[in-house]
1. For the range 318-346, which residues satisfy the criterion of being crowded, with 16+ Cβ neighbours inside 10 Å, touching a helix residue (DSSP H, G or I) at 6+ places or on another chain (Cβ under 7 Å) and not in a strand (DSSP E or B)?
2. Can you tell me which residue in the range 218-229 is modelled with the lowest pLDDT, limited to those that are surrounded by 15 or more Cβ atoms within 10 Å (Cβ to Cβ) and not in a strand (DSSP E or B)?
3. Does Asp194 satisfy the condition of being acidic (Asp, Glu), out of contact with any Ser or Thr (no Cβ under 7 Å at 6 or more places or on another chain) and in the same structural domain as Trp309 (by TED's automatic domain parsing)?
4. So which of Thr285, Thr276 ends up being β-branched (Val, Ile, Thr) and closer than 18 Å to Ser120 by Cα?
5. Looking only at the range 252-277, which residues are more than 21 Å from Asp161 (Cα to Cα) and of a type in the set (A, V, I, L, M)?
6. Failed condition for Leu102, given (1) in a loop (DSSP other than H, G, I, E, B); (2) touching an Asp or Glu at 6+ places or on another chain (Cβ under 8 Å); (3) within 19 Å of Phe290 (Cα to Cα), with all others met?
7. Here are Thr276, Thr249: which of them is loosely packed, with under 15 Cβ neighbours inside 10 Å, touching a helix residue (DSSP H, G or I) at 6+ places or on another chain (Cβ under 9 Å), in contact (Cβ under 8 Å) with a residue 40 or more places away in the chain and not charged (D, E, K, R)?
8. Name the pairs: first residue in the range 158-186 and over 26 Å from Glu383 (Cα atoms), second residue polar (S, T, N, Q), Cβ to Cβ under 7 Å, at least 6 apart or on different chains?
Amino acid sequence: MNKPIAVVSCPIDTYSGYGARSRDFVKALIDLDKFDVKILSQRWGNTRFGYLEDHNEDSLSSKIIPNMTSSPELWIQITVPNEFQKVGKYNIGVTAGMETTLVHNTWLEGCNRMDLILTSSQHSKSVFENTKYDTTDPRTKQKSGTLELTTPMEVLLEGADLTKYFPTKDVSLDLSSIKESFCYLFVGHWLQGDFGQDRKNVGYMIKSFLETFKNKPNQPALILKTSQVTTSIMDRESVLDKIEQIRQTVKGSLPNVYLFHGDVSDSEMNELYNHTKVKAMVCLTKGEGFGRPLLEFSLTNKPIIASGWSGQVDFLSSEFSILVGGELTDVHPSATSKDMILSQAKWFTPNDGAVSSAYKIVQKDYKKLLVNSKRQGHRSRTEFSYEKMVEILNNIVSKYVPEFPKQIELKLPELELPKLK
């Protein structure tokens, strides 16, 4: 008896956040053992292909098909919602969702074409549910109704792989070029936007760090694991130039900022997280659909400083991590993106005083903070693991996906033909 066919269209072979989400999701779907899973590999912007071969993911590569010849029982798209299309008998859209307070009208239209939507965080879900647009009659130009989300939406967390990210003292990563023994770490892309307006807020984070520790004795360092678009030499030099431009705006004896640029393996990232020189992670993001690096780092049982708004607050507890306060402000025109990051939307701007205080507390009360950090690590391991994601996915599939007619192989009786003389 054959299982129902599930075709997943996603950027599974790309070096991207959506690529990582795709790989985790497809593995979870396979682990449910309810479907015959096939993959349509897609591109993701300008991010490069080759992840599956580079990481020996043969079990996923073997399920990639060049195209579809018929409509599958289950059709799943992992992408931005305006690309969602109804192709199968039951159709699921999977999206990290939105980092701001508003989604584009085409995202709602895309979601409403599907039978079910899965998103990564409660923040993202609430943005979809709270976004509404007036619709007008093209003939009369009068209001004719309201465009809003009508498709059911559930939160499917992006579970951490506990076999890849865990506390360890077995670290061979060489950070001898960093002289400081107390370093803050940032991990994420340095995206478009003027100073203080890029979504990850990297520029502001650097300057706030420099201002907090300038002219101080025993200065800590800041390590940036970042890039803009690619891992090329040109990209690296551009990032170094931006760092230097920010340094020029701060007067005094400044702490060091180090750049960690280029592709690294999962094991190398775990070693970076666990290195004795790396004491805490900082992310003053304006908005996250989920925030995977923060979850991964939390598994090392070290302190985290993060913005107290958007996707990461699903797993970062204000009791166990330092969530800085701030306010919602308008998205700057330099950071907008067509049909995605909208100028009418708002996102988070951290409070300067809260940020400076958080930096200082981590250095001053580090040993005390480790107690709560271990509790955060325990929470992340038990409530936000890959295994927990599989459990939630199983519950969602059982609740929403219908039983498909059993496909039974037709076996014809063997006929005995008369032998010819």
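1. Phe320, Ser321, Ile341
2. Residue satisfying both the conditions and the ranking: Val229.
3. Working: acidic (Asp, Glu): yes; out of contact with any Ser or Thr (no Cβ under 7 Å at 6 or more places or on another chain): no; in the same structural domain as Trp309 (by TED's automatic domain parsing): yes.
Criteria not met by Asp194.
4. Values: Thr276 fails: closer than 18 Å to Ser120 by Cα.
Only one candidate qualifies: Thr285.
5. Step one: of the range 252-277, the residues more than 21 Å from Asp161 (Cα to Cα) are 252-262, 276-277.
Within the range 252-277, Leu254, Val257, Leu259 qualify.
6. Single failed check for Leu102: (2).
7. Details: Thr276 fails: touching a helix residue (DSSP H, G or I) at 6+ places or on another chain (Cβ under 9 Å).
None of the others qualify; the one that does is Thr249.
8. Listed pairs, sorted by first residue: Val171/Asn274; Glu180/Asn256; Phe182/Gln363.
The values are calculated or read from the model by the stated rules, or taken from the named source; none is laboratory data. Because the structure is predicted, anything quoted here is derived from the model rather than measured. Methodologically, a virtual Cβ is constructed for each residue, glycine included, from the backbone with ideal geometry; neighbour enumeration extends over all protein chains shown.
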